[in-house]
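Right, one structure below, let's go through it.
The values are calculated or read from the model by the stated rules, or taken from the named source; none is laboratory data. These numbers were taken from a predicted model, which means no experiment stands behind them. Backbone-built Cβ (ideal geometry, glycine too); neighbour counts: all protein chains shown.
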Amino acid sequence: MKKFQDILGRIVATFLSSALAIVGGSSVMNAFTDTDISILQSAGLAGIAACAQVVERLARASLDGNLTAAEINEAFLPQKNSDAKGSK
């Protein structure tokens, strides 16, 4: 139950951080274009997309039936560009 509460809290934080980041961008975009995307729609879409990525990573990590704290932490980290992996 503790893992579930931790994951749920972190998913909410992921949603909020992604949604808040897009609010400013959508406001600027609406000011300079003819499109009329509401701030709530933009924030909701950004938040849902970010949470979906985290949930997908958690689902992949739990395929073996055991979700470790390290796997949970890794799922919430920003993902590096796959092209950049071979460039080091």
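Which of (1) farther than 16 Å from Pro78 by Cβ; (2) touching a residue at least 24 places away in the same chain (Cβ under 8 Å) does Arg60 not meet, given it meets every other one?
Tallying (1) farther than 16 Å from Pro78 by Cβ; (2) touching a residue at least 24 places away in the same chain (Cβ under 8 Å), Arg60 fails exactly one: (2).
Going by what's in this entry, would Ser26 be described as surrounded by 14 or more Cβ atoms within 10 Å (Cβ to Cβ), modelled with pLDDT of 90 or more and not charged (D, E, K, R)?
No; evaluated as a whole, the condition is false for this residue.
If a residue must be buried (at least 16 other Cβ atoms within 10 Å of the Cβ) and at pLDDT 90 or above, how many such residues does the range 54-70 contain?
4
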